[in-house]
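The values are calculated or read from the model by the stated rules, or taken from the named source; none is laboratory data. Not measured: the values here are computed from a predicted model. Using ideal geometry, Cβ is built from the backbone for each residue, glycine included, and neighbour counts are taken over all protein chains shown. Accessible surface is based on the protein model in full, side chains and every heavy atom, while ligands, DNA and RNA are left aside. Shrake-Rupley method; radii C 1.70, N 1.55, O 1.52, S 1.80 Å.
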Amino acid sequence: MGFFKSFFTGQTESPETEQEKKKQKNFEIFKYDGIRAQRMGRSDYALKCFEEALKIHDDLEVAEYMVQAQLQNRLTEAARQTLQRMAEMKPDRKETFLTLANVCYVLKDYDGMANAARQAITIDKDEAKAYYLLGKAVGETGDSLMSVAHLTQAIALDNDFTDAYLLRAETLMQMQQWNEAREDIGILLSQDAENENVYLLSGKLKEATADFPGAEDDYKHTIELNPFNEHAYLALSQLFIAQNKLDEAIALLNDAIDNRPDFAQAYQERGRAKLLKGDKEGSLEDTRKSIELAPKEMEQLTGTFNSGQPPQRDILGL
């Protein structure tokens, strides 16, 4: 009877079914419009589409696209909330927790970063990236020993894990474990002799152990590998200034500013070199320019600058 009734009346589906089909159609429209917009570089419009799609259905794929759009729009806290929502949708997906750990790092939430990394390890105890992120997180809280331990686990799982070797070497240097750090740098150079970050770190190690000619060579080689490596310009210029090679420092910083005219720290360092050289007018001009380009950062360094001392920085200058 139901078949004949639907045949003669033309009603083949219930209102609930039609409503569900309409919702699914709208979901797909928002989803694929968002994907197309993202591919076209319209992450702002993509974000709106993904938001509407997720109002209709909790969908892991859409949520992942949404995180990308949120990060492209610098909505880092919103991205964290979306990732937490994804973790509730699928608690055994380690990629969600790895991404969440990275987002927490950007937010400087190192406890949250460590928790996300540990959750990824719970899901997959052989995931080297999770141990690396955990080592990075605990290192930021000042626990260097545990940082080295977790980074060592990451390296044991992946012998070619360049970032883990770099971070472990940097942490060992902070602990003044020079020989162990030198071993890691040697391994990295054997794996990739053209890695600018390795030469930069090698220069820092040599500078810390008073091998100033060796440090200078490494910094110069870093710049040869990448003429736009700002950390190398700063490290080498500060080494020149510390050795009273003021003309060399100014010439180097001229090149750095030519490469990037909005390089605030280069202006700040050049101003310091000019001040030590006796060029007060030139120093003042560079100081003003550095503050104009980066007011908050440079104002914090004003007292350091006036004392003629280089700003405190971590080993890689990051």
**OP:** Please go through the stretch 203-258 and write out the chymotrypsin sites (Phe, Trp or Tyr not before Pro) that DSSP classes as loop and that have at most 12 other C-beta atoms within 10 Å.
**Re:** Phe228
Subject >> Percentage relative contact order, the stretch 29-134, counting C-alpha pairs under 8 Å, at least six apart >> reply: 17
Subject >> the stretch 232-237 - phi-based ³J(HN,Hα) in whole Hz, Karplus 6.51/-1.76/1.60, Gly and Pro as x >> reply: 5, 4, 5, 4, 5, 5
**OP:** Between Val106 and Glu281, with labels modelled 7 Å along Cα→Cβ, what's the label distance in nm to one decimal, could you check?
**Re:** 4.6
**OP:** Return the whole-Å distance between the Cα centroid of the stretch 119-162 and the Cα centroid of the stretch 46-87.
**Re:** 27
Original post:
Of Lys245/Lys296; Lys108/Lys136; Lys245/Lys274; Lys245/Lys277; Lys220/Lys245, which sit over 18 Å apart, Cα to Cα?
Top reply: Lys245/Lys296
Subject >> Calculated from backbone phi, Karplus (6.51, -1.76, 1.60) coupling profile of the stretch 155-162 in Hz, x at Gly/Pro >> reply: 5, 4, 7, 9, 5, 9, 7, 4
Original post:
What percent does the relative contact order of the chain come to when contacts are Cα pairs within less than 8 Å and at least six residues apart?
Top reply: 7
Subject >> Estimated 222 nm signal from helices in the chain, with DSSP H stretches of n ≥ 4 weighted -39500 (n - 2.57), rounded to 500 >> reply: -24500 deg cm²/dmol
**OP:** With a 1.4 Å probe and every protein chain kept in, tell me what percent of the accessible surface of the chain is carbon plus sulfur.
**Re:** 49
Subject >> Over the stretch 116-205, relative contact order from alpha-carbon pairs under 8 Å, at least 6 apart, % >> reply: 20
Subject >> Computed FRET value (nearest 0.05) for Gln176 with Ile29, which takes r as the C-beta separation and R₀ as 51 Å >> reply: 0.25
Subject >> Pairwise FRET efficiency - Lys48 versus Asn254, Cβ, R0 = 35 Å, nearest 0.05 >> reply: 0.15
**OP:** Please express the Cα-Cα pair-distance distribution P(r) of the chain as a list of whole percents, one per 10 Å bin, running from 0 to the bin with the greatest distance.
**Re:** 6, 19, 22, 23, 16, 7, 3, 3, 2, 1, 0
Original post:
Given a 1.4 Å probe, how much area per residue of the chain is accessible, in Å²?
Top reply: 55
Original post:
By per-residue mean of other Cβ atoms within 10 Å, what is the highest-first order of 15-24, 176-185, 35-44?
Top reply: 176-185, 35-44, 15-24
Subject >> In order through the stretch 55-70: 3J(HN,Hα) via Karplus (6.51 cos²θ - 1.76 cosθ + 1.60), integer Hz, x for Gly, Pro >> reply: 5, 8, 9, 7, 10, 5, 5, 5, 4, 5, 4, 5, 4, 4, 5, 5
Subject >> Computed Kirkwood radius, in angstrom, where 1/r is averaged over Cα pairs of the stretch 113-206 >> reply: 13.2
**OP:** Over every pair of different alpha-carbon atoms in the stretch 9-160, take the mean of 1/r and invert it; report that Kirkwood radius in Å.
**Re:** 17.2
Subject >> Extension gain (nm, one decimal) between Ala156 and Ala193, 0.36 nm per residue minus Cα-Cα >> reply: 11.2 nm
Subject >> In nm, spacing of pseudo-spin labels at Gln19 and Arg74 (7 Å Cα→C-beta vector) >> reply: 4.3
